[in-house]
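The values are calculated or read from the model by the stated rules, or taken from the named source; none is laboratory data. Not measured: the values here are computed from a predicted model. Every residue, glycine among them, receives a Cβ derived from its backbone with ideal geometry; neighbour counts consider all protein chains shown. Note: accessible area is taken over every heavy atom of the protein model, side chains too, but ligands, DNA and RNA are not part of it. Shrake-Rupley method; radii C 1.70, N 1.55, O 1.52, S 1.80 Å.
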Amino acid sequence: MGNETKKTVVNSWNEWDPLKHVIVGRADGTMIQAPELAVQREWPEHGFTSGKYGPYPKEMEEKANEQLDNLARILEQRGIRVDRPTPIDFSQAVQTPDWVQETMFGCMPPRDLLLTVGNEILEATMSYRSRWYEYLCYRPLLEQYFKQDPNFRFEAAPKPRLTEGTYKRDFWKNWKSLSEEEKWKKAEENDWIPTEKEPLFDAADVVRCGKDLFVQKSMVTNDAGIDWLQRHYPDHRIHKVWYKELTPWHMDTTIVPLRPGLVFFNPVRTPLEKAQRELFEKNDWEIMEAPETVLEKKRPMTFCSLWLNINRLVLDPKTVCVEASETPVIEMLDKHGFEVIPVPFYEVSPFGGGLHCGTADVLREGTLEDYFPKQVEGF
Ligand code: ARG
């Protein structure tokens, strides 16, 4: 059996324990995806008028890959093992018995797809047709971990059907006709595109803090998905959270823990679940208001917000990677005693995010801990 080659490959309970092994995404072949019910990209100033799709310009892709490769090098120099996904042809049409989708998307943000909790990596359901097959890019790695680590739980959440019944009819059409006030009302009602027909979640709608997992209902995660996660992790406390934010998706620019007892809250995305702030305060966490970005505007063809400035990658409770130009965040973390590693990464943002989005944990040292021993009733 060659027992000597069997070892722990997969383990990670939170966002900050010492990182030993990580997946870094790739920008190769990323597409402005063909329109589908859940998502429609429109950048007329770059030739992508409504309904148009195609690959991101080659020079953008190359610059993004340079920064991704540079991150991989920085991590490796620190003794962290880095794996990369295997891109497939994202320009191809894909189908299931229920639908045909003219293109896929890419494999830059592994965080969206892979949820590592303890010795398990769970492939999220995903909720875009263009991302339904994205897990294939990670299978060569997961299969390898499965062979090497006898305790690795290789898991996939039920693949959703993503038929018309999965999405609220005419959501986008109606959205365009809503007043600003009506849009904010939707945020308060937590009313987004997915119906409750089947469980849906993206892995990046989960923030891991040991025994407590914070999960956001969003444009890609529904209540059934949150319920599925609670049943799947019966020993964890799942906290459903939501924020004053329009069309929310992915939480890693909203609450951003840095180490036990220290977290960034996004100052414009006020938690609408009042108990959330209380839970952190009760357990003596220091809440830092995230500073604003140094950028004046978003990079071209970027669907992420300007809050990628706090989309950090923590290497251990004293060391953190932050986008190199984000002096306000760097200074703030420096004051809190961190060694900050500046990593240029904004060329990657059009491909789906920042340093946290662009990575997925495989191994962090450490065990399952309770960082919120004082709970808030009903939350
Ligand atoms: N909604 C977030 C923002 O735009 C998403 C950031 C990207 N995150 C990700 N895991 N891909 O601020």
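Would you check which residues across the stretch 100-132 are surrounded by fewer than 19 Cβ atoms within 10 Å (Cβ to Cβ) and closer than 26 Å to Gly54 by Cα and list them?
Hits for the stretch 100-132 are Val100, Glu102.
Being away from the ligand (no atom under 13 Å from the Cβ), acidic (Asp, Glu) and closer than 26 Å to Lys274 by Cα narrows it down to one residue among Glu339, Glu377, Glu365; which is it?
Sole residue among the options that is away from the ligand (no atom under 13 Å from the Cβ), acidic (Asp, Glu) and closer than 26 Å to Lys274 by Cα: Glu377.
Scanning for something in contact (Cβ under 8 Å) with a residue 12 or more places away in the chain, more than 12 Å from the ligand (Cβ to nearest atom), of a type in the set (Ser, Thr, Tyr) and assigned to a helix (DSSP H, G or I), does the stretch 347-357 turn up at least one residue?
The answer is no, given that none of the residues of the stretch 347-357 is in contact (Cβ under 8 Å) with a residue 12 or more places away in the chain, more than 12 Å from the ligand (Cβ to nearest atom), of a type in the set (Ser, Thr, Tyr) and assigned to a helix (DSSP H, G or I).
For (1) under 15 Å from Glu36 (Cβ atoms); (2) of a type in the set (D, E, K, R); (3) modelled with pLDDT of 95 or more, each residue gets a yes or a no:
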residue: Arg111; (1), (2), (3): no, yes, yes
residue: Leu114; (1), (2), (3): no, no, yes
residue: Gly118; (1), (2), (3): no, no, yes
residue: Thr125; (1), (2), (3): no, no, yes
residue: Tyr133; (1), (2), (3): yes, no, yes
residue: Leu136; (1), (2), (3): no, no, yes
residue: Asp149; (1), (2), (3): no, yes, yes
residue: Tyr167; (1), (2), (3): yes, no, yes
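Testing Leu295 on (1) touching a Gly at 6+ places or on another chain (Cβ under 9 Å); (2) within 16 Å of the ligand (Cβ to nearest atom); (3) not small (Gly, Ala, Ser), one condition comes back false. Which one is that?
Leu295 satisfies every listed condition except (1).
Considering only residues of the stretch 232-254 that are part of a strand (DSSP E or B) and open to solvent by 20 Å² or more (accessible area, probe 1.4 Å), which is farthest from the ligand (Cβ to nearest atom)?
Restricting to residues being part of a strand (DSSP E or B) and open to solvent by 20 Å² or more (accessible area, probe 1.4 Å), the top hit is Arg237.
For (1) open to solvent by less than 20 Å² (accessible area, probe 1.4 Å); (2) farther than 30 Å from Val340 by Cα; (3) within 16 Å of the ligand (Cβ to nearest atom); (4) in contact (Cβ under 8 Å) with a residue 40 or more places away in the chain, each residue gets a yes or a no:
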residue: Trp172; (1), (2), (3), (4): no, yes, no, yes
residue: Asn190; (1), (2), (3), (4): yes, yes, yes, yes
residue: Asp212; (1), (2), (3), (4): yes, no, no, yes
residue: Thr221; (1), (2), (3), (4): yes, yes, yes, yes
residue: Gln230; (1), (2), (3), (4): no, yes, no, no
residue: Val256; (1), (2), (3), (4): yes, no, yes, yes
residue: Phe265; (1), (2), (3), (4): yes, no, yes, no
residue: Leu272; (1), (2), (3), (4): no, yes, yes, yes
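Inside the stretch 298-336, can you point out the residues that are part of a strand (DSSP E or B) and within 16 Å of the ligand (Cβ to nearest atom)?
Leu313, Val314, Cys321, Val322, Glu323
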